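Novice: After the structure tokens below, expect a handful of questions from me.
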Amino acid sequence: MSATQVFSAWGRVLKESHQALGLSSRHAPLPLPDDDTSVLPFGNGRSYGDSNLNPGGALLLGAQLDRFIAFDPATGVLRCEAGVLLSTILRLVVPQGWFLPVTPGTQFVTVGGAIANDVHGKNHHLAGSFGNHVTQFELLRSDGSRRVCSPTQHADWYAATIGGLGLTGLITWAEIQLKRIANPYLDTESIKFRSLEEFFELSTASERDYEYTVSWIDCAFTGRRLGRGLFNRGNHASAAMDTRLLPKHLPSGVAEHSLKVPMTPPLSLINTVSLKSFNTLYFNKQRQDRVRSVQHYRPFFYPLDALLEWNRIYGPRGFYQYQCVIPPEQALPATRELLQTIAASGMGSFLAVLKQFGEPASRGMLSFPQPGTTLALDFPNTGPRLHKLFAELDRIVLGAGGRLYAAKDGRLGPELFQAGYPRWVEFKSYVDPRFSSGLWRRVMEQA
């Protein structure tokens with residue numbers, strides 16, 4: 001069953017009409033259009049740009065495949081359909097002493113989307129990316145063929161589909177190895193740092209003893225305030241944790257019914273004045289250099305999920321996210337140049353995240369994570385002025401041998417994509433001939 005409807009990515013810059021194709025069952029064949037119209041799986045719409053959009057084509061509504069298949073509470077092996085949300089998994093497994101091995105910054109993504117984008121989290125230095133913990137999945141192609149893919153069975157299709165942006169076919173179900181936890185809480189510490197050098201020192205010192213590390217960084221200022229931020233690290237709380245340390249009331253973001261942005265304002269609420277004010281307040285709200293606390297997992301991993309549809313605050317023109325990773329040998333000078341360029345432009349981000357990726361190798365041909373430093377920033381869509389800034393940032397990333405994250409991208413050109421993902425030539429042979437996306441057509445323009 002199909003209908004035409006408008007779909008938007010999370011950044012809300014792109015809004016395109018698509019033919020929407022429902023999926024009645026994981027056992028059913030793909031509902032392909034009668035003509036040569038291309039298709040693309042669409043999960044919960046949390047990719048920021050056009051990697052999950054197919055302008056002029058059709059979308060397969062993957063979120064309709066939302067059933068659990070099997071869960072073994074003794075081993076933590078979970079099998080479910082690809083449209084199941086991570087939030088739904090957590091509601092099932094956390095009370096039974098299990099947790100996601102890797103989770104991105106929102107719990108409202110589908111399992112299929114997490115695989116297709118090979119999402120990463122705050123524990124990459126120990127656990128790698130999401131695909132590292134996917135033991136097997138089924139891939140349904142447009143010719144009707146089905147493959148159960150794993151590291152040992154159809155291993156080449158397994159590698160192409162992890163991080164493959166939904167282009168190799170439809171993932172119908174997947175099996176994941178979860179990780180054991182004692183309770184829903186984390187023992188955390190927040191540390192002020194005042195330079196990029198201090199960030200790198202904290203990262204190095206934290207990698208051995210802390211499973212999760214991530215930093216908010218102030219990108220609004222140059223001079224002596226350049227590179228300052230808050231470094232957050234934590235571990236799952238032990239069973240022997242003193243219960244007196246537990247918060248008496250669950251903080252915001254823990255309630256099942258979070259607050260919601262009720263409407264889209266006529267203009268972006270994020271601008272140069274509000275940005276500098278927010279960043280100054282946010283940095284100074286923590287008066288001590290180090291603050292230790294015990295947190296429930298939801299506000300620690302998913303602080304933005306406490307405000308549903310927060311993407312509306314950027315107004316009707318939406319926003320872009322720019323996320324890059326820089327190899328270790330260029331990480332400090334290139335990150336400094338990126339921050340200086342952003343601050344000088346006056347178009348900074350209040351959601352600026354800086355983190356180190358570790359050595360665990362990703363299993364996907366087009367997986368984003370690699371050893372180095374990743375910087376992610378949100379920018380209100382201000383048109384040509386912003387794209388001029390992006391061109392400068394692209395130049396820095398390309399010169400440093402880095403890459404951009406396709407799941408966050410809405411304007412990356414062929415040169416930077418193909419330089420950053422050298423296995424794209426190999427990957428092309430695994431793309432289903434009936435599958436395509438706005439991003440894929442854009443980055444393959446000159447191929």
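The values are calculated or read from the model by the stated rules, or taken from the named source; none is laboratory data. Note that this is a predicted model, so its numbers are computed, not measured. Using ideal geometry, Cβ is built from the backbone for each residue, glycine included, and neighbour counts are taken over all protein chains shown. Please note that ligands, DNA and RNA were not included when accessible areas were found on the heavy atoms of the full protein model with its side chains. Shrake-Rupley method; radii C 1.70, N 1.55, O 1.52, S 1.80 Å.
Novice: Please tell me which of these pairs span more than 25 angstrom C-alpha to C-alpha: K192/K276; K15/K355; K15/K428; K122/K408; K260/K388; K122/K388? Intermediate values should be presented prior to the final figure.
Specialist: On the way: K192/K276 18 Å; K15/K355 31 Å; K15/K428 27 Å; K122/K408 17 Å; K260/K388 33 Å; K122/K388 31 Å.
From K192/K276; K15/K355; K15/K428; K122/K408; K260/K388; K122/K388, over 25 Å: K15/K355; K15/K428; K260/K388; K122/K388.
Novice: Might you report the magnitude of the Cβ-based charge dipole of the chain about its Cα centre, with Lys and Arg at +1 and Asp and Glu at -1, to the nearest 20 debye?
Specialist: 1160
Novice: Once the whole set of protein chains is in place, how much accessible area is left on M444, using a 1.4 Å probe, in Å² to the nearest 10?
Specialist: 30
Novice: Which of A240, A406, A114 ends up with the largest GNM mean-square fluctuation for the chain, with Cα atoms connected below 10 Å?
Specialist: Per the Cα network of the chain with a 10 Å cutoff, A240 tops the list.
Novice: Keeping the other protein chains in place, figure out the carbon and sulfur percent of the accessible area of the chain, with a 1.4 Å probe.
Specialist: Using a 1.4 Å probe with all protein chains present, the chain comes out at 54 percent carbon and sulfur.
Novice: Go ahead and estimate [θ] at 222 nm for the chain from helices alone: -39,500 (n - 2.57) per DSSP H run with n ≥ 4, summed, over the residue count, rounded to 500.
Specialist: -6500 deg cm²/dmol
Novice: Work out from phi, with θ = phi - 60° and the Karplus expression 6.51 cos²θ - 1.76 cosθ + 1.60, the ³J(HN,Hα) of each residue of segment 224-230, listed in order in whole Hz, and give x for Gly and Pro.
Specialist: With the stated coefficients, segment 224-230 comes to 6, 8, 5, x, 7, x, 10 Hz.
Novice: Using the Karplus equation 6.51 cos²θ - 1.76 cosθ + 1.60 (θ = phi - 60°), what ³J(HN,Hα) coupling, rounded to whole Hz, does each residue of segment 70-82 give in order, writing x for Gly and Pro?
Specialist: In residue order, the calculated couplings are 7, 8, 9, x, 7, 10, x, 8, 10, 10, 8, 5, 6 Hz.
Novice: Taking only protein heavy atoms into account and a 1.4 Å probe, give the accessible area per residue of the chain in Å².
Specialist: Accessible area per residue: 41 Å².
Novice: What order do R208, R336, R26 take when sorted by accessible area (1.4 Å probe), most exposed first?
Specialist: Heavy-atom accessible area, descending, gives R208, R336, R26.
Novice: A further question follows. Using label points projected 7 Å from each Cα along Cα→Cβ, tell me how many nm separate S87 and S195, to one decimal.
Specialist: Computed distance between label sites S87 and S195 equals 4.3 nm.
Novice: Order L259, L21, most accessible first, counting only protein heavy atoms with a 1.4 angstrom probe. Display every interim value, and only then the final one.
Specialist: On the way: L259 130, L21 5 Å².
From most accessible down to least: L259, L21.
Novice: Where the only charges are on Cβ atoms (+1 Lys, Arg; -1 Asp, Glu), what is the dipole of segment 256-402 about its Cα centre, to the nearest 20 debye?
Specialist: The calculation lands at about 360 debye.
Novice: Let me ask another. Please give the charge dipole size of segment 155-212, origin at the Cα centre, charges +1 on K and R Cβ atoms and -1 on D and E Cβ atoms. Round to the nearest 20 debye. Numbers along the way, then the final one.
Specialist: Values: 5 positive and 10 negative charges, 42 e Å.
Here the size comes out at about 200 debye.
Novice: Let me ask something else about it. Give me a comma-separated list of calculated 3J(HN,Hα) values for segment 418-425, in order, Karplus coefficients 6.51, -1.76, 1.60 applied at θ = phi - 60°, integers in Hz, x for any Gly or Pro.
Specialist: 5, 6, x, 10, x, 8, 4, 5
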